[in-house]
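Each value in this text was obtained by applying a stated rule to the coordinates, not by laboratory testing. Small disclaimer: the values here were computed from a predicted structure and weren't measured. Cβ: placed from backbone, ideal geometry, glycine included. Neighbour counts: every protein chain shown.
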Amino acid sequence: MSNQSQEQEELAWADASEALDETDWNLETEPERIFRWRLQQLADAGYDYRLAFKLALRPYVDLHQAIRLLSSGCSATTAARILL
């Protein structure tokens, strides 16, 4: 990953984190809370923002399998292809 790509990804995460910090959680729906949680779990597992977002949006994607694929050495791109 180039330095510019990495910087753009870090900015995207910073923007997303800032937006989440400013959110009034009382107005958030259950599906939104689930999406946010799934997104965070995927990011913590090692998926970049774009792939984590795509996977989190799809409720049919098995979150545990997504994490297991990365922990077993599969690249995030390959794991996403398998899961999607």
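Note on ILE82 and LEU11: their simple-model spin labels are 3.3 nm apart, each label 7 Å out from Cα toward Cβ. Relative to the compact-globule estimate of 2.2 N^0.38 Å, the Cα radius of gyration of the range 3-83 comes out at 1.13.
Please work out how much length the chain gains when fully extended from LEU70 to ARG50, using 0.36 nm per residue of separation minus the C-alpha to C-alpha distance, in nm with one decimal.
Values: separation 20, 0.36 × 20 = 7.20 nm, distance 1.56 nm.
So the chain would gain 5.6 nm between LEU70 and ARG50.
Stretching the chain fully between GLU32 and TYR60 yields a gain of 8.5 nm (0.36 nm per residue, less the alpha carbon separation).
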